[in-house]
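*Asks:* Mind looking over this structure? Questions follow.
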There are 4 protein chains.
Amino acid sequence: MIKAGIVGGTGYTGVELLRFLSRHPEVDLAAATSRTEQGKPVADIFPSLRGVTGLAFSDPETTALKHCDVVFFATPSGTAMHQAPDLLEAGVKVIDLSADFRLRDKDEWEHWYGRKHACPGYLSRAVYGLPEVNRNEIRAAELIANPGCYPTVIQLGFLPLLEQDLVETDSLIADAKSGVSGAGRKLTRATQFCEAGESFSAYSADGHRHLPEIKQGLAAFAEDALELVFVPHLLPIIRGIHATLYARLKEPAVDVHSIFKQRYAQEHYVDVLPRGVHPDTASVNGSNVCRMSVFQPQNGATVVILAVEDNLVKGAAGQAVQNMNILYGLDETTGLDHAGIWP
Amino acid sequence: MIKAGIVGGTGYTGVELLRFLSRHPEVDLAAATSRTEQGKPVADIFPSLRGVTGLAFSDPETTALKHCDVVFFATPSGTAMHQAPDLLEAGVKVIDLSADFRLRDKDEWEHWYGRKHACPGYLSRAVYGLPEVNRNEIRAAELIANPGCYPTVIQLGFLPLLEQDLVETDSLIADAKSGVSGAGRKLTRATQFCEAGESFSAYSADGHRHLPEIKQGLAAFAEDALELVFVPHLLPIIRGIHATLYARLKEPAVDVHSIFKQRYAQEHYVDVLPRGVHPDTASVNGSNVCRMSVFQPQNGATVVILAVEDNLVKGAAGQAVQNMNILYGLDETTGLDHAGIWP
Amino acid sequence: MIKAGIVGGTGYTGVELLRFLSRHPEVDLAAATSRTEQGKPVADIFPSLRGVTGLAFSDPETTALKHCDVVFFATPSGTAMHQAPDLLEAGVKVIDLSADFRLRDKDEWEHWYGRKHACPGYLSRAVYGLPEVNRNEIRAAELIANPGCYPTVIQLGFLPLLEQDLVETDSLIADAKSGVSGAGRKLTRATQFCEAGESFSAYSADGHRHLPEIKQGLAAFAEDALELVFVPHLLPIIRGIHATLYARLKEPAVDVHSIFKQRYAQEHYVDVLPRGVHPDTASVNGSNVCRMSVFQPQNGATVVILAVEDNLVKGAAGQAVQNMNILYGLDETTGLDHAGIWP
Amino acid sequence: MIKAGIVGGTGYTGVELLRFLSRHPEVDLAAATSRTEQGKPVADIFPSLRGVTGLAFSDPETTALKHCDVVFFATPSGTAMHQAPDLLEAGVKVIDLSADFRLRDKDEWEHWYGRKHACPGYLSRAVYGLPEVNRNEIRAAELIANPGCYPTVIQLGFLPLLEQDLVETDSLIADAKSGVSGAGRKLTRATQFCEAGESFSAYSADGHRHLPEIKQGLAAFAEDALELVFVPHLLPIIRGIHATLYARLKEPAVDVHSIFKQRYAQEHYVDVLPRGVHPDTASVNGSNVCRMSVFQPQNGATVVILAVEDNLVKGAAGQAVQNMNILYGLDETTGLDHAGIWP
């Protein structure tokens, strides 16, 4: 059994991790820490876990996380970079669901996150946990930077186009829409029911923190300079991201759909739909699947990729468990083999 | 392995049955019939099941359901009563999720359902599949009448009060609120997004078809005549029922909460909350739990029971699988051991 | 023109007042104060009012509210009781949308609101602003206590029953459901989109602050002691309250529907539906109407009243404007004559 | 007074027309026809209009629409083209909210609508009712083709860019998201609450009927060939469209925001937000405003226009009334001067 700990289990990503790890057949969930809820049973904070776990949140200061095999950070940005080094030195594997280790360039990280990085030496040692790209590196990783929710679905959608050099890289557009849980559980006006409900708007059109992460991931496959316009929007749903991606084909006659089918044929958690079918976010609700389809309207020069995921699962906790499975040589679907819940 | 078939798998109850039975470790899902979708893969109709089941819907006329061990009917009322007798005579167990066998009184059935019953002789042979009341009978059943969604949560909420003779039976009130999936998948104006969304209303306040089913179940425990006012409402959520139950205590000083805790202490799928905590429907989303709490406002004569369930799970498909597990001597939680999905 | 001021215009009740008063043909909206937003144009805070009002929020300390004819308080409880006395002494009329002057009994107020009342002498001088009951007193009022949202719809629903002595007063039940805007605009976990959405629950089943206000209003018409069980629930909609009211008829053979039709025949803002029709909250969205219907299930002893209102309009800002119209001898519908917006 | 009639008043566009015209100070609403609801009071079908209009739906065969000054068609495509010619010949003005007269090219109309046009001669005589472009022509029109909901907001968003020749016209992208009411009131699976709610998807990515209408409108201002990719999505809200528009600037250094401010400075129903502010659909709920803002992410070559409208108001019934006001020389805001309802 893998002895696992969670730091920061009281957010939406945390409760998903608790749901998956409580039922994972190869995991012994040893601890979940919380500064604000320490001492309280997890199931008091999350009634959906009553009868599922008897664990109580513990004090982050005194919990012996070093006795774990693997520790997940489900904390806001800025926490893992302070605590991960000690754990890593003690031989504990770390899977960070926050953004602390996602960018390789320290200056870029400090620019977008507005503070100094606490352990920049680890930026190059972290493995970016996108299994469909870095499966081999993940197997041998000590520190896994679990990708952001937008970056996961946007990279998976653009990758086959860039890997095969099919599109112009100077005019990529990602029009992305996220459910409200993507904003986390902290109290904000924008995420109140009466402000987010029955409404829709873009935000951060000038530049969102996930932009450099996406560009870093895509640039590895682009021969020329890569320009990406990324406009996120807030969707009045709880879970789900839909990315609508636009790119200019170098050669409009190519069969893009076949290339996608082939690229992801062996991937359990990427599902390419038949031609002409549009994915919907509800179809991946609660599951670890990224589902996508390919359109080429009016047979023109622009290819349109539609891609969906559950931002809390493939975009966060599910992918973290998938990474843990790879790290420990388990079948990737262990503990993740849930059908989506619909409707 | 239990060889199982589903009749009518294209509604909301059907897709839930497909979700549970596809992953049930003791079940071989042999067939799902559909008149309208025959020949099409289940996963084409329900993309959430892509990668989960390779089954295709089959023709109800030619599918050899008699080769199954157990057949589930997830059909509208009026179908199972025509097809169940042949299957039962062939030794197949039948679990009917429709209302065809829920009432013991033929006249009452025909009054509320507005047609002649096709096999009234079976009404008395059917076992009413509420495990918390009829577990022993279910073990030996051939034909199980799976309870309705409202009747499940309302009976579970009232039962301890009636079993212990704590309340007046002439003034029971059930103010119940159901998510829209409770109305089924047929197209109606009232269930359109623009009519059901951002609104709330009661319906059938004059008398709803579930009333006689609830009264039949409660009357078994009432010494005197039982009067129940049942007002259902349509909630703008997809899944979930919340029942707010009111009854007059014969003796206000009794500790109702303790009686509930004791009554359901051994029941895996009934969860009595600590004093003062209100259940919410989201906490049972996707799970088979009925969660409830007890209030006695201002220490007055009226006791208030708040009870929630997922109408498609404990109120339908989950309870059907629970009944099947009992029927075959399995642990009741087999294939049902999902944590609720929250948020 | 009536010179009007608003104290505390940045909540949901405040923006509704601004919407109505900006367009009211007899009102000159002179000031809206806000401690947090002073100096900012109203339309910057509420983009829906761009092009509708050029007013900016002003400093509550320096705004000369004494030059107004009438001042509305759209503040949380505890503010108006400190500021109203000075205004009243200066001859300004005050319409308080908070709870500061709704209870006549000082001790009860202090019990439910957990603090000392700042000007208890005004409690008996305030007129309770429910026009359908107190129209004459409102005409002559100096200080109007605008009713709460739940109390408005629940009193209007029960009143004809009590005025005509039709029901037992020892077993009244109000099962009420409110949209999330009823909780106000302050940030709370319960009103976050991911917690309030796709869910439903009761709250304060042990006792809600609106209980004494409702009982005070109903007791005036009850000959015997009045017992009311009031269970509020949080609905996943933005606007709207639905009250389902239960009472035991003294004489089941009475024609309750006719009594309701007659009672409210002259009331512009109470609409009694035809027999058998259920009201829905969406039908009063944005309008000042309280709509209701009457049921007597199975011709039994229990009468059921279904009543809806927009909690921000008839339950708050609209009723406040209706009261102002009465106060100044205007037609009650002036500035309020909007059709509800549907869908 | 203008004597007005409505053909087809039972859809969502119809009820909005009824709301506006019932309260319009210069309109005498003489008739609303409906084949399915004839004889029934409008307020029985739409309870939100109880107390607002006493009109009953009338038989389309026998209603003397020729006695009207103006007739609005709120019918599905294919009705107005059969009935408008007779009315026009009788001197009645016609405002068609359907698509029958929106395309100038008969072949293109027949291609996209899949049938023969009944009166192709009128295609060139119809005036396209986008006031911000065709105000003068509308003044003199006999037959007004009221624009579609997507075409209104997308054209208003792109127009300043094309009029000033600021962008490449071979790579325009319109990523548009519409509330469910945009799909009309007919019963479909996709618009059921349980299928549209808590989900999001694109549709018709291969080609939507509004594409030729948008291209026709934009092409008038494009010097070169115009290529537009238009991907519509279904939003889980009732009302509101958000268009996110992308275009490549010929000269990135231009101040696009100023150009938009100037272009729409005199337009009452187009509101350009300050720099950096994102529009949200809720801010135009129930109002006739199209609200937009301009972004140029990372000062790159791509300009992003964010534009919102209420699809039933500026995208349908409100714009129809605005057109009628222009036609009769009234102030454009007459009867339309409602503030948006928020929240």
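The values are calculated or read from the model by the stated rules, or taken from the named source; none is laboratory data. Small disclaimer: the values here were computed from a predicted structure and weren't measured. Don't worry about glycine lacking a Cβ; one is built from the backbone with ideal geometry, like all the others, and counts go over all protein chains shown. Accessible surface areas use protein heavy atoms only, side chains included; no ligands, DNA or RNA. Shrake-Rupley method; radii C 1.70, N 1.55, O 1.52, S 1.80 Å.
*Asks:* If only one of B:K66, B:K93 is open to solvent by 30 Å² or more (accessible area, probe 1.4 Å), of a type outside the set (A, V, I, L, M, F, W, C), closer than 14 Å to B:A4 by Cβ and free of Cβ contacts under 8 Å to residues at least 40 places away in the same chain, which one is it?
*Replies:* Details: B:K93 fails: free of Cβ contacts under 8 Å to residues at least 40 places away in the same chain.
Only one candidate qualifies: B:K66.
*Asks:* Of all residues in segment A:112-126, count the ones that are open to solvent by 20 Å² or more (accessible area, probe 1.4 Å) and touching a helix residue (DSSP H, G or I) at 6+ places or on another chain (Cβ under 7 Å).
*Replies:* 5
*Asks:* Another question, if that's okay. Residues of segment A:9-36 being of a type outside the set (D, E) and over 20 Å from A:K314 (Cβ atoms), which ones? First the steps, then the outcome.
*Replies:* Just the residues of segment A:9-36 that are of a type outside the set (D, E), to begin with: A:9-15, A:17-25, A:27, A:29-36.
Selection gives A:T10, A:P25, A:L29, A:A30, A:A31, A:A32, A:T33, A:S34, A:R35, A:T36.
*Asks:* May I pose another question? Just checking, which of C:L87, C:L65 is in contact with a Gly (Cβ under 7 Å, 6 or more places away or on another chain), more than 30 Å from D:V270 (Cβ to Cβ), aliphatic (A, V, I, L, M) and modelled with pLDDT of 95 or more? Steps first, answer last, please.
*Replies:* Details: C:L87 fails: in contact with a Gly (Cβ under 7 Å, 6 or more places away or on another chain).
When all the criteria are applied, what remains is C:L65.
*Asks:* Among the residues of segment B:66-82, what is the count of those that are touching a helix residue (DSSP H, G or I) at 6+ places or on another chain (Cβ under 8 Å) and among the polar types (S, T, N, Q)?
*Replies:* Selection size over segment B:66-82: 1.
*Asks:* Across segment B:161-171, what is the total count of residues that are closer than 12 Å to B:D224 by Cα and either touching a strand residue (DSSP E or B) at 6+ places or on another chain (Cβ under 7 Å) or surrounded by fewer than 21 Cβ atoms within 10 Å (Cβ to Cβ) (or both)?
*Replies:* 5
*Asks:* Then there is this: Considering only segment D:49-63, state which residues are acidic (D, E) and free of Cβ contacts under 8 Å to residues at least 12 places away in the same chain. Step through it out loud before you land on a result.
*Replies:* Going through segment D:49-63, the residues acidic (D, E) turn out to be D:59, D:61.
Matches in segment D:49-63: D:E61 only.
*Asks:* So, one more: Is it true that D:D331 is among the charged types (D, E, K, R), touching a strand residue (DSSP E or B) at 6+ places or on another chain (Cβ under 8 Å) and open to solvent by 10 Å² or more (accessible area, probe 1.4 Å)? Explain how you work it out, then say what you get.
*Replies:* Values: among the charged types (D, E, K, R): yes; touching a strand residue (DSSP E or B) at 6+ places or on another chain (Cβ under 8 Å): no; open to solvent by 10 Å² or more (accessible area, probe 1.4 Å): yes.
Here the answer is no, as D:D331 does not meet what is asked.
*Asks:* Taking segment C:174-207, which residues are out of contact with any helix residue (DSSP H, G or I) (no Cβ under 7 Å at 6 or more places or on another chain), more than 10 Å from chain B (Cβ to nearest Cβ) and among the polar types (S, T, N, Q)?
*Replies:* Passing the criteria: only C:T188.
*Asks:* Something else about it: How about segment C:208-239: which of its residues are away from chain B (no Cβ under 13 Å) and not in a helix (DSSP H, G or I)?
*Replies:* Residues satisfying the conditions are C:R209, C:A220, C:F221, C:A222, C:E223, C:D224.
*Asks:* Would a scan of segment D:127-144 turn up a residue that is within 12 Å of chain A (Cβ to nearest Cβ), surrounded by fewer than 21 Cβ atoms within 10 Å (Cβ to Cβ) and assigned to a loop (DSSP other than H, G, I, E, B)?
*Replies:* Initial filter on segment D:127-144 (within 12 Å of chain A (Cβ to nearest Cβ)): none.
Checking segment D:127-144: not a single residue is within 12 Å of chain A (Cβ to nearest Cβ), surrounded by fewer than 21 Cβ atoms within 10 Å (Cβ to Cβ) and assigned to a loop (DSSP other than H, G, I, E, B).
*Asks:* Still on this structure, I have one more. What pairs come out if I take residues in segment C:316-343 that are in contact (Cβ under 8 Å) with a residue 60 or more places away in the chain and pair them with residues that are in a helix (DSSP H, G or I) and of a type in the set (F, W, Y) whose C-beta lies under 8 Å away, six or more apart or interchain?
*Replies:* C:A317/C:F20; C:G318/C:F20; C:V321/C:F20; C:G335/C:F20; C:L336/C:F20; C:P343/D:Y12
Conditions (1) farther than 21 Å from A:Y128 by Cα; (2) open to solvent by 10 Å² or more (accessible area, probe 1.4 Å); (3) among the acidic types (D, E); (4) more than 24 Å from the chain's Cα centre (by Cα), marked per residue:
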| position | (1), (2), (3), (4) |
| --- | --- |
| A:K215 | no, yes, no, no |
| A:F221 | no, yes, no, no |
| A:R248 | yes, yes, no, yes |
| A:S258 | yes, yes, no, yes |
| A:R263 | no, yes, no, no |
| A:D271 | yes, yes, yes, no |
| A:N285 | yes, yes, no, no |
| A:C290 | no, no, no, no |
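*Asks:* Identify the single condition in (1) farther than 21 Å from B:T75 by Cα; (2) open to solvent by 10 Å² or more (accessible area, probe 1.4 Å) that B:F158 does not satisfy, given that it satisfies every other one.
*Replies:* (2)
*Asks:* Right, something else. Among the residues of segment D:177-194, count how many are over 24 Å from the mean Cα position of the chain (by Cα) and either open to solvent by 30 Å² or more (accessible area, probe 1.4 Å) or among the aliphatic types (A, V, I, L, M) (or both).
*Replies:* Initially, segment D:177-194 is screened for residues over 24 Å from the mean Cα position of the chain (by Cα), giving D:189, D:193-194.
Those still in the list that are either open to solvent by 30 Å² or more (accessible area, probe 1.4 Å) or among the aliphatic types (A, V, I, L, M) (or both) too: D:189.
Residues that pass the stated criteria total 1.
*Asks:* Kindly indicate which of A:A205, A:A174 is aliphatic (A, V, I, L, M), in a strand (DSSP E or B), more than 23 Å from A:G9 (Cα to Cα) and open to solvent by less than 30 Å² (accessible area, probe 1.4 Å).
*Replies:* On the way: A:A205 fails: in a strand (DSSP E or B).
Only one candidate qualifies: A:A174.
*Asks:* Just the residues that are under 26 Å from D:K186 (Cα atoms) and charged (D, E, K, R), please, taken from segment D:75-97.
*Replies:* D:D96
*Asks:* Sticking with this one: Test B:L235 against the criterion of being in contact (Cβ under 8 Å) with a residue 60 or more places away in the chain, farther than 25 Å from B:F101 by Cβ and buried (at least 16 other Cβ atoms within 10 Å of the Cβ), and give yes or no.
*Replies:* Numbers: in contact (Cβ under 8 Å) with a residue 60 or more places away in the chain: no; farther than 25 Å from B:F101 by Cβ: yes; buried (at least 16 other Cβ atoms within 10 Å of the Cβ): yes.
In short, no.
*Asks:* Another one. Going through segment A:79-90 one residue at a time, which ones are open to solvent by 10 Å² or more (accessible area, probe 1.4 Å) and of a type in the set (G, A, S)?
*Replies:* Of everything in segment A:79-90, just one residue is open to solvent by 10 Å² or more (accessible area, probe 1.4 Å) and of a type in the set (G, A, S), namely A:A90.
*Asks:* Oh, and also: Scanning for something in contact with a strand residue (DSSP E or B) (Cβ under 9 Å, 6 or more places away or on another chain), of a type in the set (D, E) and within 18 Å of C:V321 (Cβ to Cβ), does segment C:35-57 turn up at least one residue?
*Replies:* No, the conditions are met nowhere in segment C:35-57.
*Asks:* Still on this model: Being open to solvent by less than 30 Å² (accessible area, probe 1.4 Å) and away from every other protein chain (no Cβ under 11 Å) is the filter here; which residues of segment B:1-28 pass it?
*Replies:* Taking segment B:1-28 as the starting set, the residues that turn out to be open to solvent by less than 30 Å² (accessible area, probe 1.4 Å) are B:2, B:4-9, B:11-12, B:14-21, B:24, B:27.
Of everything in segment B:1-28, those that are open to solvent by less than 30 Å² (accessible area, probe 1.4 Å) and away from every other protein chain (no Cβ under 11 Å) turn out to be B:I2, B:A4, B:G5, B:I6, B:V7, B:G8, B:G9, B:G14, B:L17, B:H24, B:V27.
*Asks:* In segment B:99-111, what count of residues is obtained for those that are crowded, with 22+ Cβ neighbours inside 10 Å and in a loop (DSSP other than H, G, I, E, B)? Let's see the steps before the verdict.
*Replies:* Here is the first cut: in segment B:99-111, the ones crowded, with 22+ Cβ neighbours inside 10 Å are B:99-103, B:109.
After this cut, where a residue has to be in a loop (DSSP other than H, G, I, E, B) as well, the list is B:99-103.
Residues flagged as crowded, with 22+ Cβ neighbours inside 10 Å and in a loop (DSSP other than H, G, I, E, B) within segment B:99-111 amount to 5.
*Asks:* Only one residue in C:F73, C:F46 is touching a residue at least 40 places away in the same chain (Cβ under 8 Å) and either more than 17 Å from C:I95 (Cα to Cα) or crowded, with 24+ Cβ neighbours inside 10 Å (or both), so which one is that? Let's see the steps before the verdict.
*Replies:* Details: C:F46 fails: touching a residue at least 40 places away in the same chain (Cβ under 8 Å).
Every option except C:F73 fails the conditions.
*Asks:* In segment C:41-66, what count of residues is obtained for those that are out of contact with any Lys or Arg (no Cβ under 7 Å at 6 or more places or on another chain) and away from chain D (no Cβ under 12 Å)?
*Replies:* Matching residues across segment C:41-66 total 10.
*Asks:* Does B:H117 count as assigned to a helix (DSSP H, G or I) and either acidic (D, E) or under 30 Å from B:L218 (Cα atoms) (or both)?
*Replies:* Details: assigned to a helix (DSSP H, G or I): no; either acidic (D, E) or under 30 Å from B:L218 (Cα atoms) (or both): yes.
It is false that B:H117 is assigned to a helix (DSSP H, G or I) and either acidic (D, E) or under 30 Å from B:L218 (Cα atoms) (or both).
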